[in-house]
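Input: a single structure, listed below in structure tokens.
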Amino acid sequence: MSDILSVSSNAVAAYQRALGTVSNNIANVGTDGYVRQETKLVENTPSSSGTVYLGTGVRFDGIRRAYDQFLETNLRNSTSDLNTQEPMVNYANRIVDIMGSDTVGLPTALDKFFSSARNLSTDPASTILRGQFLRDADGLAGRFQELSGQLDGVDTETRDTINSKLAEINTLSGQIATVNKQLGGETKVDSQPAQLLDQRDLLLTQLSKLVKINVTTAINGSVKISIGATSTSGVIVSGQKSIELGARFDETDLGRVAIIADPYGLEPQTVAGVSSGALGGLLSFREQVLQPTVSQLDFLATTVVDEVNAVHRDGIDANGNTGKDLFVIDPVIHTNAVSGEETSISRAAAGIRMALTDQSYVAAGALFRVIENDNNISGVDATLS
């Protein structure tokens, strides 16, 4: 009878703990980062009675997290890839809206300019048409400047967002390093508090939204994290130490952004292979969309200036002089917001402006000459003075 009571009491105690675990799972169903827990029950050591071994019931052997490292790694990678698309799509749509707008786009301004030039060619002496031509030419230059300014706004916004994402990464890295320090009290992961491991995984998931991470897990559950192309490059968490990240922007090439590890330390290092996540999406946008758009706009501005000036120099102004350049492109001075250093950069769309303000200098007339016809046998000739 005593054996029956002992086995029964052990079973009741064990299943009470199992029910407690189920209740805890239900209570935390809405808790962010909580991982479902499972009660582990094992058979008690049987007792020997002569040549026979009798079972002694069941015993409670601890609580385990329903955790699969392979699935968790795939989830983090998928999260990084998903969060890459949001900044890329949002900012790319901004570029499309800017360049394709009827109010600030180029097609309308180009149409007005060439229409004014065509009208002026039919009546070069008209002061009204000359004034209209200068006004539309100035409008075209202003439209290039406005588009360049809009793209500069996107450039500034993405810079600020990149710095903001890096600040979030630095904060999460510091928190993970603190968790590693708390995990250092045990030698095996099975001995760690489930709540502490849940906190670690939640921080890793939040970090994977910002950038793709490579995670190496130690026996006690502490992690080493890198964001480079390999697990040994771009380390941001190693044991109880976190390494800050910063960004360095190239003023002449908007697509070139260097991510620097320990930017204010003695040996700052450039991290290569940063990809995915919100940070990777921003870097990809600047490289694949923003910089090509700015380059093509500058190329178009340069082409328009060169071709229009070439035609204008072949004409005659109202004073009978050979025409001069209608447009000019000035260098753009960029001031670093942090250091205050000024850099002269070539940005044609931002630097384009009218070179002429007096309508009498508009070369609307053309040079012409009288050519002797070899087949003229009349003896009549003409000259131009």
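Go through (1) in contact (Cβ under 8 Å) with a residue 24 or more places away in the chain; (2) surrounded by 12 or more Cβ atoms within 10 Å (Cβ to Cβ) and name the single condition LEU54 misses.
(2)
Condition first: among the hydroxyl-bearing types (Ser, Thr, Tyr), open to solvent by 60 Å² or more (accessible area, probe 1.4 Å) and more than 38 Å from the chain's Cα centre (by Cα). Now tell me which residues in segment 84-139 satisfy that. Quick ask: steps written out before the conclusion?
Let us first name the residues in segment 84-139 that are among the hydroxyl-bearing types (Ser, Thr, Tyr), namely 84, 91, 101, 103, 108, 115-116, 121-122, 126-127.
Narrowing the set further to residues that are open to solvent by 60 Å² or more (accessible area, probe 1.4 Å) leaves 103, 121-122, 127.
Within segment 84-139, SER121, THR122, THR127 meet the criteria.
Please count how many residues of segment 208-232 are over 13 Å from SER275 (Cα atoms), of a type outside the set (A, V, I, L, M, F, W, C) and open to solvent by less than 40 Å² (accessible area, probe 1.4 Å).
Keep residues of segment 208-232 that are over 13 Å from SER275 (Cα atoms), which gives 215-225, 231-232.
Now narrow it down to the ones that are of a type outside the set (A, V, I, L, M, F, W, C): 216-217, 220-222, 224, 231-232.
If we keep only those that are open to solvent by less than 40 Å² (accessible area, probe 1.4 Å) too, we end up with 220-222.
Of the residues in segment 208-232, 3 are over 13 Å from SER275 (Cα atoms), of a type outside the set (A, V, I, L, M, F, W, C) and open to solvent by less than 40 Å² (accessible area, probe 1.4 Å).
Which residue pairs have Cβ atoms closer than 7 Å, lie 6 or more positions apart in sequence or on different chains, and pair a first residue in segment 105-128 that is closer than 19 Å to GLU146 by Cα with a second residue that is of a type in the set (D, E, K, R) and surrounded by 15 or more Cβ atoms within 10 Å (Cβ to Cβ)?
LEU106/ARG143; ALA109/ARG143; LYS112/ASP136; PHE113/ASP136
If we only count helices (runs of 4 or more DSSP H) wholly inside segment 99-212, which ones have 3 or more residues that are out of contact with any Ser or Thr (no Cβ under 8 Å at 6 or more places or on another chain), among the β-branched types (Val, Ile, Thr) and farther than 30 Å from ALA363 by Cα?
Counting at least 3 such residues, we get 127-183.
Here is a yes/no grid of residues against (1) without any contact (Cβ under 8 Å) to a residue 12 or more places away in the chain; (2) of a type in the set (A, V, I, L, M, F, W, C):
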position	(1), (2)
ARG64	no, no
TYR67	no, no
PHE70	yes, yes
LEU75	no, yes
ASP81	no, no
PRO87	no, no
ALA92	no, yes
ASP97	yes, no
GLY100	yes, no
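Condition check ((1) among the polar types (S, T, N, Q); (2) in contact with a Leu (Cβ under 7 Å, 6 or more places away or on another chain)) across all residues:
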{"residue": "TYR15", "(1), (2)": "no, no"}
{"residue": "VAL22", "(1), (2)": "no, no"}
{"residue": "ASN25", "(1), (2)": "yes, no"}
{"residue": "ASP32", "(1), (2)": "no, yes"}
{"residue": "LEU41", "(1), (2)": "no, no"}
{"residue": "VAL52", "(1), (2)": "no, no"}
{"residue": "PHE70", "(1), (2)": "no, no"}
{"residue": "VAL89", "(1), (2)": "no, no"}
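Find the helices (runs of 4 or more DSSP H) located wholly in segment 271-354 whose residues include 3 or more that are at negative phi and free of Cβ contacts under 8 Å to residues at least 12 places away in the same chain, and list them.
Numbers: elements: 277-285, 291-313, 348-351.
By residue number, 291-313.
With the checklist (1) under 30 Å from LEU300 (Cβ atoms); (2) surrounded by 12 or more Cβ atoms within 10 Å (Cβ to Cβ); (3) not acidic (Asp, Glu) in hand, flag the one item GLY62 doesn't pass.
Answer for GLY62: the failing condition is (1).
Does PHE144 meet the test of being farther than 30 Å from VAL257 by Cβ and either crowded, with 18+ Cβ neighbours inside 10 Å or touching a Phe, Trp or Tyr at 6+ places or on another chain (Cβ under 6 Å) (or both)?
Working: farther than 30 Å from VAL257 by Cβ: no; either crowded, with 18+ Cβ neighbours inside 10 Å or touching a Phe, Trp or Tyr at 6+ places or on another chain (Cβ under 6 Å) (or both): yes.
No.
Kindly indicate which of ALA363, ALA278, ALA318, ALA350 is among the hydrophobic types (A, V, I, L, M, F, W, C), open to solvent by less than 30 Å² (accessible area, probe 1.4 Å) and in contact with a Gly (Cβ under 9 Å, 6 or more places away or on another chain).
Values: ALA278 fails: in contact with a Gly (Cβ under 9 Å, 6 or more places away or on another chain); ALA318 fails: open to solvent by less than 30 Å² (accessible area, probe 1.4 Å); ALA350 fails: open to solvent by less than 30 Å² (accessible area, probe 1.4 Å).
Within the list ALA363, ALA278, ALA318, ALA350, the selection yields ALA363.
The values are calculated or read from the model by the stated rules, or taken from the named source; none is laboratory data. As the structure is a prediction and not an experimental result, all values here were calculated from the model. Methodologically, a virtual Cβ is constructed for each residue, glycine included, from the backbone with ideal geometry; neighbour enumeration extends over all protein chains shown. Heads up: the accessible areas ignore ligands, DNA and RNA and are worked out on the full protein's heavy atoms, side chains in. Shrake-Rupley method; radii C 1.70, N 1.55, O 1.52, S 1.80 Å.
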